[in-house]
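Read-outs throughout are calculated quantities, based only on the coordinates presented, and are distinct from any laboratory measurement. From a predicted model like this one, the values you see are computed outputs, not experimental measurements. A quick note on method: Cβ atoms are made from the backbone with ideal geometry, for glycine too, and the neighbour counts reach across all protein chains shown.
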Amino acid sequence: MARRFLFSDESGDLNFKKGPNLSRFFAVGTLAIDESELSGLRAAFGHLRDELAFRNHGLDSCFHATNDTPEVRLNVFKLLSTLDFQFDITLLEKSKAQPHVRQDHATFFRYAWYYHLKYVAPRTFGADDEALIVAAELGTKRTRKAFRGGIEAVLTQCLPYRVKRTLAFWPCSSDFALQAADYCTWAVTRLRERDDGQYYEIIQPKIRHVYDLWASGTTHYY
């Protein structure tokens, strides 16, 4: 029996229309890591935070790929390339989602998580493992309740019944592993949304699977 962790991040908005500052994709990314490796990741990120502060690149809050300066961002990606973890991401091109899939945010969210965990869960967790799935806290209390229910339903479908599982929603600022997941998700979605792969290339060896769910689809619904 082993304790294994999935730290997740979502990227992109849930607006199903075209317009300025609206994402083309919605993505679910997860960082899979064992207990001993997690301790190393947390220690390494803590050390980097201190070093950056000594070099006058201190953080206003926590590591966040979108908001961090280029100097901080590059240092984080270099650190990620040295750590032991596996990252998986599922991308959904929103305009290809059929109307029933995007009838509400919770349905679309559950759909994204199902196809993500369908691949990731059997490759990450074995029988009798203990699984802690940590999602970044998002939205209102009502939204989190709906999303929690969706993820829990998907876990029941995708995880072996003997895996003891716990789902938690933590603020991204509370754990370096969530911040690492944010960085990895950002690198992949930046490549897909902006055709900018400079950061993706740094962590590519850590990326186990990039799955574009509707890559072969040709119909756009808006």
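Extending 7 Å from Cα along the Cβ direction at Gln98 and again at Lys17 yields two label points whose distance is 2.5 nm. Residue separation of Ala106 and Asp60 scaled by 0.36 nm, minus their Cα-Cα distance, works out to 13.4 nm of gained length. Antiparallel beta bridges, as assigned by DSSP with both residues in the chain, represent about 45 percent of the total such bridges. Inter-label distance, Ala2 to Ala127: 1.7 nm, where each label sits 7 Å from its Cα along the C-beta direction. Placing unit charges on each Cβ (+1 for Lys and Arg, -1 for Asp and Glu) gives the stretch 1-45 a dipole about its Cα centre, and among Ala44, Phe25, Ala2 the Cα reaching farthest toward its positive end belongs to Phe25. Under 13 Å from the Cβ of Thr189, count the other residues' Cβ atoms, weight Lys and Arg +1, Asp and Glu -1, and hand me the total. Taking every Cβ under 13 Å from that of Thr189, the sum is -4.
Order of Glu10, Glu35 from fewest to most other C-beta atoms within 10 Å? Walk me through the numbers on the way to the answer.
Details: Glu10 21, Glu35 12.
In increasing order of surrounding Cβ atoms, one gets Glu35, Glu10.
What is the dipole size for the stretch 3-212, taken about its Cα centre, with +1 at each Lys and Arg Cβ and -1 at each Asp and Glu Cβ, in debye to the nearest 20? Before the final figure, lay out the partial values.
Details: 29 positive and 27 negative charges, 171 e Å.
Using Cβ point charges on Lys, Arg, Asp and Glu, the stretch 3-212 gives about 820 debye.
Taking every Cα-Cα distance in the chain and sorting them into 5 Å bins starting at zero, the pair-distance distribution P(r) comes out as 1, 7, 14, 19, 20, 17, 12, 7, 3, 1, 0 percent.
Summing charges over neighbours of Gly217, with a neighbour being any other residue whose Cβ is under 10 Å away from its Cβ, gives -1 when K and R count +1 and D and E count -1.
For the stretch 16-122, run through the trypsin sites (Lys or Arg not before Pro) and keep only the ones in DSSP coil with at most 11 other Cβ atoms within 10 Å of their Cβ.
On the way: sites: Lys17, Lys18, Arg24, Arg42, Arg49, Arg55, Arg73, Lys78, Lys94, Lys96, Arg102, Arg110, Lys118; in loops: Lys17, Lys18, Arg24, Arg55, Arg102.
Those that pass, being in a loop and sparsely packed, are Lys17, Lys18, Arg55.
Projecting the Cα atoms of Phe109, Cys62, Ile207 onto the charge dipole of the chain, computed from C-beta unit charges around the Cα centre, puts Phe109 farthest toward the positive end. 3J(HN,Hα) along the stretch 202-215, derived from phi through the Karplus expression 6.51 cos²θ - 1.76 cosθ + 1.60 where θ = phi - 60°, amounts to 5, 9, 3, x, 8, 8, 7, 7, 10, 10, 8, 4, 10, 4 Hz, with x in place of Gly and Pro.
Sorted ascending by nearby beta carbons within 10 Å, beginning with the fewest, His209, His100 become His100, His209.
Can you sort Leu91, Leu167 by how many other beta carbons sit within 10 Å, fewest first? All intermediate terms of the calculation are to be shown ahead of the outcome.
Working: Leu91 25, Leu167 15.
Going from least to most buried by this count: Leu167, Leu91.
Each peptide in 119-125, 196-202 receives the mean, over its residues, of other Cβ atoms within 10 Å, and ordering these scores from highest gives 119-125, 196-202.
Taking K and R as +1 and D and E as -1, what net charge do the other residues with C-beta under 13 Å from the C-beta of Asp128 add up to? Write down the numbers at each step before the final one.
Working: positive: Arg3, Arg4, Arg162, Lys164, Arg165; negative: Asp129, Glu130.
Result for the neighbourhood of Asp128: +3.
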